[in-house]
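The values are calculated or read from the model by the stated rules, or taken from the named source; none is laboratory data. The shown structure was predicted, so the numbers you read here are calculated from the model rather than taken from an experiment. Here the Cβ is made from the backbone with ideal geometry for all residues, glycine too, and neighbour counts use every protein chain on show. Side chains included, ligands, DNA and RNA excluded: accessible areas come from the protein's heavy atoms. Shrake-Rupley method; radii C 1.70, N 1.55, O 1.52, S 1.80 Å.
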Amino acid sequence: MRKFYLLLATFAVCMVANAGVKNLYKQDFEAVKTAAEAGWTSPNLADGMTIASTEFGKWFEFAVGNNNNRNAVLTWGTDIYDESVTKYSVHFQWGHLSNPKGADNGEPNVNTQFSNEVALLVPHDWQPNDAEKEAGIKAVNSINNGQYATADSLRLFSITQFKGAFDTKNPDANPYWADKDDFTNYAYDFMINGDPNVRFTASEGAWYNIHVTVDIAARTVSFIIRDESDSEDILTGEAPIADNADTHISALNILLGRYSSKAAFDDVKVQVETEGAYANTPTIALTGVNQAERSYKIFFEMSNDEILHVKTTEGAEETSVESPFEYNTSNSGVLEAWTESNGAISEHVTENVDCSVITLPLPEVAIKKVNTGYVKELVLTVQNGDVPTQPSITMTYEFKGEGGEVVSSGENEVPSGTTISVTQKGVLTVTTHAYGFAESTLVYNNDTEFGVDASIDFQHMSEAKLLELGFTEIDPLDSDKMSGENNWTARKRLWYQIKTGEQDAEGNDILETHVVYGPTSQGYEAIRRFLLVPSKLNAENSHSMFAPIYTWYSEAGDGSDVAGLKFNYEIGLINTGTKTDDGTSINYANGPIGVDGLTDNDFFIVYVISDYGNSSAHPVFEAGTSVEDATAQYKAMNLGDGTNVQVLKGTETFSLYRIDTAIARIDVFKAVAGEGIYEVGTTDIVSDHNAPIYNLNGMQVKANSLKSGIYIKQGKKFIVR
């Protein structure tokens with residue numbers, strides 16, 4: 001975590017007397033609420049971007065979580081430069097907060113996705129030549145989840161973590177290990193501009209100051225990497241700019257390797273030296289709210305000999321040479337600030353100060369899971385994005401039954417995202433809390449009874465039924481290769497346990513583990529597979545074969561634009577990932593699945609099993625249970641154990657990823673009226689699998705080729721992950 005706010009960065013070229021430093025671009029994140037507002041975008045992991053803060057200041061953080069390689073980019077473009085700019089510097093603070101999980105110091109690592117990279121990007125129209133294409137290099141790698149694209153054309157500067165460890169079995173596989181140096185500290189070693197001989201060791205959790213100077217006329221780029229205090233050089237260097245590269249840096253890119261890696265940035269600036277004095281515009285940031293009192297910090301460039309001028313809401317005028325300047329007030333009005341440097345005056349910035357007491361937003365109660373009757377799991381959330389200073393908001397709750405008795409309560413404050421269970425009709429009261437803000441209270445009536453309207457059990461669908469639907473049995477799956485579809489058997493993660501009747505020294509039952517499906521070469525049972533090839537999948541049967549559930553369907557009508565259906569027998573329904581009958585054409589799109597005839601007041605639950613085994617049931621049977629009986633009971637139960645369920649409103653769509661996930665069962669719930677009649681309001685939108693789907697720009701998109709993002713169907717937003 002960042003300990004303090006740094007404002008010690010200096011222009012990385014020698015300044016002449018009476019010269020000044022002008023910020024062509026600056027983002028210190030102090031006056032923004034969200035990463036998007038600051039200019040950051042992420043094509044595949046927008047949820048990984050946040051604005052973090054302490055009492056000392058704010059900064060940008062990007063966390064990859066349990067995803068594969070993901071990136072985020074801060075773009076300022078090239079319009080900030082004009083013809084007078086012949087030399088400029090880019091400065092930023094980089095926090096190497098967390099290394100990729102698994103990249104432990106000194107431990108051999110051949111996974112090629114355990115790498116991070118920071119890069120300053122330039123506009124480009126470069127395309128790889130045939131040899132580079134053969135090597136897998138793509139023009140867009142550095143800005144779209146890839147890595148190690150040709151640095152000369154895409155980036156003027158990069159800090160790249162070494163990719164994987166030296167592989168003794170294939171020593172030439174990674175060009176960065178060509179010298180056969182195993183770099184025992186490889187997990188923390190970073191190379192500069194793709195050169196493994198220019199490297200430094202970054203400490204996890206540390207912050208670094210990066211200064212890059214571009215000499216456009218000389219076509220050179222020099223760099224200085226300094227410690228957190230910006231006082232000691234760690235590494236310096238200079239390199240020529242390639243002939244085919246633009247000289248104007250337009251963006252800062254962060255690429256994180258899987259898993260759990262995290263990085264942060266602060267005080268990003270593009271600066272030029274001016275012939276005469278120059279004063280930069282200060283930043284006013286609201287940093288504290290305490291009922292009718294407000295706290296502000298005003299940031300400015302100390303290194304440019306700037307003096308801050310402040311006109312307070314009380315009408316007083318103050319000056320400061322120390323940044324940030326702190327100001328507290330209980331008077332509403334206008335706060336004004338500007339800087340002065342050797343006679344130069346900056347633009348004046350103003351902030352309308354409103355000292356009225358701020359009431360927190362109402363909490364939200366959403367249904368996470370339903371069951372028959374009034375049984376529900378409810379998620380309590382509260383959003384702080386529109387609240388000044390984005391405080392940490394907690395909640396207390398109380399649930400009372402029909403008779404007014406208290407059934408359950410959260411006496412201690414709980415965070416947003418807390419899940420609670422209710423089992424009867426009653427009233428839930430939720431109150432929000434945050435220091436310095438007025439509370440808000442929501443009353444939620446749990447008065448809707450649900451019943452199961454339909455249940456499609458894909459896991460236990462019979463062989464006769466599959467053949468009737470047009471499926472054909474294909475070769476069983478019994479591979480021992482851990483990749484893609486093969487994981488269903490290779491990982492051997494569909495298993496149960498039987499008590500031995502004995503206990504260990506601590507009194508715990510000793511269990512025997514029995515794998516159900518695995519490689520036949522190791523004595524396990526293969527998985528039977530049934531396939532419906534794409535050419536047999538059309539709009540009619542995709543809608544009717546599992547009614548009211550519908551699967552992805554062919555807009556072309558011949559199956560050429562969708563993947564086929566597959567059943568792993570006694571496991572569930574799978575998106576094959578191939579869109580030709582012979583399996584030669586791979587379709588990476590998710591397969592949309594939904595339920596016809598439902599409204600937003602209805603729900604359906606999708607039980608999903610992953611071939612990694614982390615969402616399948618692993619029951620324990622009593623001692624004396626035979627393996628045959630235990631296996632039969634295991635296959636008869638629902639293998640989707642509930643840890644990977646998706647609860648959706650009736651008009652929403654679920655997207656099934658290809659080959660490594662299976663749907664075990666879908667349960668459909670509808671609200672029940674007095675005599676067991678399902679209620680449908682006259683103004684409710686009813687789900688329609690033929691309804692068009694639009695992106696947020698209002699353009700219609702194909703339902704069977706949706707990438708990750710937010711879409712609109714029947715006037716409702718839904719997310720494809």
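A few remarks follow.
- Amide H to amide H distances under 5 Å link Asn587 with Thr578, Lys579, where only residues 5 or more positions off or on other chains count and H is placed in the peptide plane.
- Put simply, the convex hull of the Cα atoms in the range 500-640 casts, on average, a shadow of 12.6 nm².
- A 1.4 Å probe run over the range 449-606, with the rest of the protein chains in place, finds 42 Å² accessible per residue.
- Among 87-96, 231-240, the order from most to least packed when residues are scored by Cβ within 10 Å on average: 87-96, 231-240
- With viscosity 1.002 mPa s and temperature 20 °C, the Kirkwood radius over alpha carbon pairs of the range 237-279 converts through Stokes-Einstein to a diffusion coefficient of 144 µm²/s.
- Taking GluC sites (Glu not before Pro) across the range 486-522, the ones in a DSSP loop with at most 15 further Cβ atoms lying within 10 angstrom of their Cβ are Glu506.
- With the simple model of a label 7 Å out from the Cα in the direction of the Cβ, Asp47 to Asp447 spans 3.3 nm.
- Estimated distance in nm for a label pair at Met482 and Glu317, the labels positioned 7 Å out from Cα along Cα-to-Cβ: 7.1 nm
- Aspartates and glutamates with Cα under 20 Å of Lys670, excluding same-chain neighbours fewer than 8 positions away: Glu377, Asp447, Glu449, Asp453, Asp457, Asp596, Asp600, Asp602, Glu652, Glu679, Asp684, Asp688
- Computed label-point distance, nm, for sites Val620 and Asp475 using a 7 Å Cα→Cβ extension: 4.0 nm
- Residues Tyr435 and Lys499, FRET efficiency given R0 of 51 Å [Cβ-Cβ distance, rounded to 0.05]: 0.50
- Across the range 82-88, computed HN-Hα scalar couplings (Karplus, 6.51 cos²θ - 1.76 cosθ + 1.60, θ = phi - 60°) run 10, 5, 6, 7, 10, 7, 8 Hz from first to last residue, x flagging Gly and Pro.
- Near Glu273, once Lys and Arg are set to +1 and Asp and Glu to -1 for all other residues with Cβ below 11 Å from its Cβ, the sum equals +1.
- For the set Asp386, Asp561, solvent exposure ranked by accessible area (probe 1.4 Å, protein chains only) runs largest to smallest as Asp386, Asp561.
- Contact order, relative form, for the range 510-608: 23 percent (alpha carbon pairs under 8 Å, 6 or more residues apart, mean separation divided by residue count).
- Taking each of Lys33/Lys311; Lys262/Lys635; Lys22/Lys262; Lys481/Lys566 in turn, the alpha-carbon distance tops 29 angstrom for Lys262/Lys635; Lys22/Lys262.
- Between amide H atoms placed 1.01 Å from N, distances below 5 Å from Val122 occur with Arg155, Leu156, Ser250, all of them 5 or more places distant or on a separate chain.
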